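Bear in mind these aren't lab numbers, they're just calculated from the coordinates by the rules spelled out. A quick note: this is a predicted structure, and the numbers were derived from the prediction, not measured. Using ideal geometry, Cβ is built from the backbone for each residue, glycine included, and neighbour counts are taken over all protein chains shown.
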Amino acid sequence: MPANDDFRRKLAAFVQRAKDNQEKVIREVAEDLLQSIQMRSPVDTGRFLGNWFVQESISQQTTEETDPTGQQMLARGKAGIAEFKPGGVLYIVNFLPYAQRLEYGWSSKSPQGMVRVTIAEFDQYLTKHVGELKQ
């Protein structure tokens, strides 16, 4: 039954490649979403930008630290994305009291919001990263 063993090996390799591709696309899309939110977030002191968190369960986490460039937030977020396992839910959240007001036009720096615009682009990010997979 060597042909049967060869088929099983090929099938197992195909299944593993599909799982790996799924994880890769999920992580890349999540990073794109996070970077889009970073780029659209209005910055004064950097406190709002620094309070974006990537979480697998919602906890109302905030920080007093400022992050005017968003680099600390991106590093922290990418670390959270790297730990994420498919099958769960990944949240990108900001629990500062004025976050909702900023999302709905309170800031002239980002009158269209950050999250709503980014969510509208989700399909573009997904299509891009799925298209980059090797056939």
Which ones in the stretch 44-87 are within 30 Å of residue 20 (Cα to Cα) and part of a loop (DSSP other than H, G, I, E, B)?
-> 52, 56, 57, 58, 59, 70, 84, 85, 86, 87
Cross-chain or 6+ apart pairs with Cβ under 6 Å, the stretch 113-135 first and within 22 Å of residue 41 (Cα to Cα), then among the hydroxyl-bearing types (Ser, Thr, Tyr) | 114/41; 118/36
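Going residue by residue through the stretch 42-50, is there one that turns out to be under 11 Å from the mean Cα position of the chain (by Cα) and within 20 Å of residue 114 (Cα to Cα)? Quick ask: steps written out before the conclusion?
Of the stretch 42-50, the ones under 11 Å from the mean Cα position of the chain (by Cα) are none.
No: zero hits.
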Selection from the stretch 89-111 of residues that are under 13 Å from the mean Cα position of the chain (by Cα) and either part of a loop (DSSP other than H, G, I, E, B) or not aliphatic (A, V, I, L, M) (or both) | 89, 90, 91
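Here is a yes/no grid of residues against (1) of a type outside the set (Ser, Thr, Tyr); (2) surrounded by 15 or more Cβ atoms within 10 Å (Cβ to Cβ); (3) touching a Pro at 6+ places or on another chain (Cβ under 6 Å):
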residue: 99; (1), (2), (3): yes, yes, no
residue: 104; (1), (2), (3): no, no, no
residue: 107; (1), (2), (3): no, yes, yes
residue: 111; (1), (2), (3): yes, no, no
residue: 116; (1), (2), (3): yes, no, no
residue: 121; (1), (2), (3): yes, no, no
residue: 133; (1), (2), (3): yes, no, no
Residue 21 vs (1) buried (at least 18 other Cβ atoms within 10 Å of the Cβ); (2) of a type outside the set (Gly, Ala, Ser); (3) in contact (Cβ under 8 Å) with a residue 60 or more places away in the chain; (4) over 15 Å from residue 99 (Cα atoms): all pass except (1)
